[in-house]
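Everything below concerns the one structure shown next.
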Amino acid sequence: MAADLLEVEGLTKSFGGIAALKDGRFRLQAGQVKALCGGNGAGKSTFLSIVMGIQPRDGGVIRRAGRPVTYRSPREARADGISIIEQELSPVPAMSVAENIYLGREPTAGFGRIDFRKMNRDAQALLDSLHFDIDPRTLMMDLTVGKLQLVEIARALSHDSEIIIMDEPTSALGEAEADQLFEAIATLKARGKGIIYVTHRLSEVFEVADSYTVFRDGAFVGEGAIADITRDDLIQMIVGRPLTEEFIKENVPGDEIALELRGINSVKGVRGIDLTAHRGEILAVFGLMGSGRTELFERIFGLVRDQGGEIRIGGAATAIRSPGQAIGKGLALVTEDRKGTGLVLTASVRDNICMARLKKLGLGPMMNIRAEAKASRRMIDLFNIKTGNDRDPVSSLSGGNQQKVVLGRWFLTEPAILLLDEPTRGVDVGAKREIYRIMSDFAVQGGTVIMISSETDEVIGMADRALVMRDGRIAGELARPELSAKRLVSLAA
Amino acid sequence: MPADEDLTSARRAAAEDNRDWGTYALDWVAKYGILLALILICVGLAIGNEYFLSTRNILNVLRQTSINGILAIGMTFVILTRGIDLSVGSVVAFAGVVSASLATTSSTAMVAGGPYPALLALAAGLAVGMASGAVNGVIVSRFAVPAFVATLGMLSAARGLTLLYAGGRPVPALTPEYRFIGTGDLFGIPMPVVIFALVFLLAWWVLGATRFGRNVYAVGGNPHAATVAGINVRRTRLMVYVISGGLAGLAGMILAARTGSALTQAGIAYELDAIAAVVIGGTSLAGGVGRVTGTLIGALLIGVVNNGLDLMGVESYYQQVIKGVLIVAAVMLDQARNRRE
């Protein structure tokens, strides 16, 4: 029997006496797509960084095709046939797609001159083989985030590695692009590559992986074939206790109209959006990346200029020209990109929580530091945010807790309408559930939730009604009984 | 809540307590290193030179530091918002000559009807400084020109305006009332030092206890997130340049008052010392992180080192070399700590 592509046993790693990884075990065979599952803090990142040679290990064995190996840098790991697709993008914006793919190893043609023709040709062949519809001569800065991610994937695959690690590869992809990725994965699998697939999105695990390994609290808990496990069992394995329901939904929509949009236009081709949201309702906006859903939120919240149309809040026509005015009208916006537009990572938990409420937490220009501390404490308790001291930087929190800090900031403004753009992206199963609980409770108390989501499960689980956007317009509306993944996707595409 | 999140935070809390000694020491040094360096240098100088600790010399150091210190405090606001103000040296001269022209007894340099009361002259200089800053601020915040470029333009333009205004000549013979802010004292403490202390306390309060201060940190840390949170990012950016310009004007007037005349060449390269004090004081050029107390220590460190080298009779050229080393060393220390995190 041929040796496994990768075999890891008893991997351990401590930081300052605290074990981040107690027993990392993993096996990967050729032609296998193995999902590495676990909540935040389960040790996945530590495990991957050791395998890739970013950090040294304290103990344990890594065998590559039967040979014990120790990589001292990602370069060594790559030379030995392991490459990784990072969660964070690192493009050089002013260079072309081909230049980015072959950055640092450009083909040359005498005297160190770069052979652009060969580079473009190779890049084209690579992109074609993956069925990615991207011109290698395009500049990176002209691509959408989704396409950038596809280029990043192509770059990792260009090394022709035997093992490819994908860390949340779909976090920036729309449904269509994600499908392209899944096709590429199937191709790679057929070519006998081994893929380690890391994601919080369980639906993807069941879509692309054929087997799984679960880590919890830094240790291996179990592994097996995807065909032999149910979604609920997998969740239970990840969380370590039984979950009753994945979604929490106790609200009943009322008749009173909270927000009404008539003929709203926005930048990037969002045209003539009509929308009505009621008190006590959770309204989903479903659509692919680039369908205009985020732009719609930006317009409602006053982040872009008025391009025509009418916004009525509680029946009264209102002009919203800045986020400050939007907040004054009882709106709150949780953006999709937590690190880019949500949190101020250099600031403390407390400052992040108080940020949208400063005027009410002081007297004139002066801040009332005691009031700030009290408000921050109230939100930390309300949302069960795990933080030692609220003066610690918010960057020290896990993804789920960071998202709850953003929610805390907005609940402090006592909003009537919550705009949530992909509220559960990048948070683990347990924290997701807490966020669903927050949404449900808010709607039960008469609030209005408008949620953008590209996960059909989430829309079906949480929404009273869903609007589907396509090319900047409303392509259709589905009431709760009509909601199905098939209908959502077919309206969106 | 899921068990693993509990564990993460428990682990993190434990890590705080159990950090190994090296990390702890590095943290401590990065946090208090500059203060420690300042104290060590002072102790060394006190042992090596009996004159160093004399009241006269201490007041001398403080007075010499005050102009750079005032500029550096304004610069702290700007750098906290990811900006830079290269124009402060030129604004020192511009505000100096305009203000001085209202307070001179020289008939050739005076504005018709002068000399005017010192307070009016001071108000004019402050207004000139704030207006220059406002131009910087509008160009940066409204027209999205990088701060480096906008204030580089002002560095040149304000110097040119200074020369045009004063006809290329110094403005001499300032009134005694006006000179009080440079040469007078309050209970034995030189006025420049008194003003520096007041500016420091005010800046410390503004950054630490006002809404504007919170906005400065948020805008510098993440302007996009600040915008979404309803903070007026443009106005905050504009205001920090107005503050920096106003303080540069104030510094220019103190300088003129101290020397008795406003020179058109005053303040050349002052922006570099101000930036140095801010950076040595631990404020990040990436924005959002830093304190005005750090800047105070940074400015004092530069002042003490210059003074110490003077006392030891070291050639002034060495002072520049040492200052260069200090700036880079301070940032390296900061980086070392960031990497560990």
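Do any of A:Lys329/A:Lys359; A:Lys329/A:Lys386; A:Lys44/A:Lys193; A:Lys268/A:Lys359 go past 25 Å between their Cα atoms, and which? Write down the numbers at each step before the final one.
Numbers: A:Lys329/A:Lys359 15 Å; A:Lys329/A:Lys386 31 Å; A:Lys44/A:Lys193 21 Å; A:Lys268/A:Lys359 33 Å.
Too far apart for the 25 Å limit: A:Lys329/A:Lys386; A:Lys268/A:Lys359.
Ignoring any ligand, DNA or RNA, what whole percent of the accessible area of the protein assembly as shown comes from carbon and sulfur when the probe is 1.4 angstrom?
On the way: 20100 of 35200 Å².
So the carbon and sulfur contribution to the accessible surface is 57 percent.
Put +1 on the Cβ of every Lys and Arg and -1 on every Asp and Glu Cβ in chain A; which of A:Thr294, A:Ser161, A:Asn389 then has its Cα farthest towards the positive end of the dipole?
Of A:Thr294, A:Ser161, A:Asn389, it is A:Asn389.
So how strong a dipole does segment B:33-340 carry about its Cα centre when Lys and Arg Cβ are +1 and Asp and Glu Cβ are -1, to the nearest 20 debye?
Working: 18 positive and 9 negative charges, 183 e Å.
It works out to roughly 880 debye.
Sorting check: for A:402-413, A:69-80, B:140-151, which peptide has the highest mean count of neighbouring beta carbons within 10 Å, and how do the rest follow? Let's see the in-between values first.
Details: A:402-413: 24.3, A:69-80: 14.9, B:140-151: 17.6.
Put in order of decreasing packing, that is A:402-413, B:140-151, A:69-80.
So what's the gap between the Cα centers of segment A:392-434 and segment B:188-209, to the nearest angstrom?
40 Å
Calculate, for B:Val328 and A:Asp255, the FRET efficiency according to 1/(1 + (r/R0)^6) with r their C-beta to C-beta distance and R0 51 Å; round to the nearest 0.05.
Values: r = 67 Å, r/R0 = 1.31.
Between B:Val328 and A:Asp255 the formula returns 0.15.
Multiplying the sequence separation of A:Ser322 and A:Arg378 by 0.36 nm and subtracting their Cα-Cα distance, what value in nm do you get? Kindly include the intermediate steps, with their values, before the conclusion.
Values: separation 56, 0.36 × 56 = 20.16 nm, distance 2.75 nm.
The A:Ser322-A:Arg378 span can extend by a further 17.4 nm.
Which of B:Ile58, B:Gly69, B:Gly294 sits closest to the plus end of the dipole of segment B:33-340, meaning its Cα is farthest towards the positive end, when Lys and Arg get +1 and Asp and Glu get -1 on the C-beta?
Checking the options against the dipole of segment B:33-340, the answer is B:Gly294.
Straight-line reach from A:Lys486: which lysines have Cα under 25 Å away, leaving out those fewer than 8 places along the same chain?
A:Lys147, A:Lys249, A:Lys432
Counting each DSSP H run of 4 or more residues in the protein assembly as shown as -39500 (n - 2.57), what helix-only mean residue ellipticity at 222 nm follows after dividing by all residues, to the nearest 500 deg cm²/dmol? Walk me through the numbers on the way to the answer.
Values: 30 runs with 414 residues, N = 834.
Calculated at 222 nm, the ellipticity per residue is -16000 deg cm²/dmol.
So if I place +1 on the C-beta of Lys and Arg and -1 on the C-beta of Asp and Glu, and nothing else carries charge, what would the dipole magnitude of chain A be about its Cα centre? I want it in debye, nearest 20.
Values: 63 positive and 66 negative charges, 267 e Å.
About 1280 debye.
Show me the ranking of peptides A:131-140, A:341-350 by mean Cβ neighbours inside 10 Å, starting with the highest. Walk me through the numbers on the way to the answer.
Values: A:131-140: 16.2, A:341-350: 23.7.
Final packing ranking: A:341-350, A:131-140.
Could you order the peptides A:311-323, A:433-445 from most to least packed, using the average number of other C-beta atoms within 10 Å per residue?
Numbers: A:311-323: 14.8, A:433-445: 19.6.
In decreasing order of mean packing, A:311-323, A:433-445 become A:433-445, A:311-323.
Could you list the residues of segment A:190-230 with an amide nitrogen less than 13 Å from a label point located 7 Å from the Cα of A:His131 in the Cα-to-C-beta direction?
A:190
For peptide A:429-441, compute the average count of partner chain beta-carbon atoms within 10 Å of each residue's beta-carbon. It would help to have the intermediate numbers written out before the result.
Working: counts 2, 6, 4, 1, 2, 3, 0, 0, 0, 0, 0, 0, 0.
Counting Cβ atoms of other protein chains within 10 Å of each residue's Cβ and averaging gives 1.
Find which of B:Leu198, A:Thr213, A:Gly324 sits farthest along the positive direction of the dipole of the protein assembly as shown, computed with +1 on the beta-carbon of Lys and Arg, -1 on that of Asp and Glu, about the Cα centre.
My answer, from the dipole projection, is B:Leu198.
Placing unit charges on C-beta atoms (Lys and Arg positive, Asp and Glu negative, everything else neutral), compute the dipole magnitude of segment A:323-375 about its Cα centre in debye, rounded to 20. Before the final figure, lay out each step's value.
Working: 9 positive and 4 negative charges, 47 e Å.
Dipole of segment A:323-375, to the nearest 20 debye: 220 debye.
Counting partner chain Cβ atoms within 10 Å of every residue's Cβ in A:341-350, what's the average? Walk me through the numbers before you get to the answer.
Numbers: counts 8, 5, 4, 14, 4, 11, 10, 1, 0, 0.
Shielding by partners across A:341-350 averages 6.
Using R₀ = 30 Å, calculate the FRET efficiency as 1/(1 + (r/R₀)^6) where r is the Cβ-Cβ separation of A:Asp337 and A:Arg67; round to 0.05.
Details: r = 42 Å, r/R0 = 1.39.
That gives a FRET efficiency of 0.10.
Residues of A:386-397, mean number of Cβ from any other protein chain within 10 Å of their own Cβ, rounded to a whole number? Could you put the intermediate results ahead of the total?
Values: counts 9, 3, 5, 2, 0, 0, 2, 3, 1, 1, 4, 4.
Per residue, the number of nearby Cβ atoms from other chains is 3 on average.
Return the aspartates and glutamates within reach of B:Lys323: Cα separation strictly under 12 angstrom, same-chain partners fewer than 8 residues apart disregarded; answer none if there are no such residues.
B:Asp273
For a Förster distance of 51 Å, can you work out the FRET efficiency between the beta-carbons of A:Lys486 and B:Phe148, rounded to the nearest 0.05? Don't jump to the answer; show the numbers that get you there.
Numbers: r = 54 Å, r/R0 = 1.06.
The value I calculate is 0.40.
Just to confirm, what accessible area per residue do you get for the protein assembly as shown at 1.4 Å probe, in whole Å²?
The answer is 42 Å² per residue.
The values are calculated or read from the model by the stated rules, or taken from the named source; none is laboratory data. It should be emphasised that the depicted structure is a prediction, and the values quoted were computed from it without experimental measurement. A quick note on method: Cβ atoms are made from the backbone with ideal geometry, for glycine too, and the neighbour counts reach across all protein chains shown. What goes into the accessible areas is simple: the full protein's heavy atoms, side chains included, and nothing from ligands, DNA or RNA. Shrake-Rupley method; radii C 1.70, N 1.55, O 1.52, S 1.80 Å.
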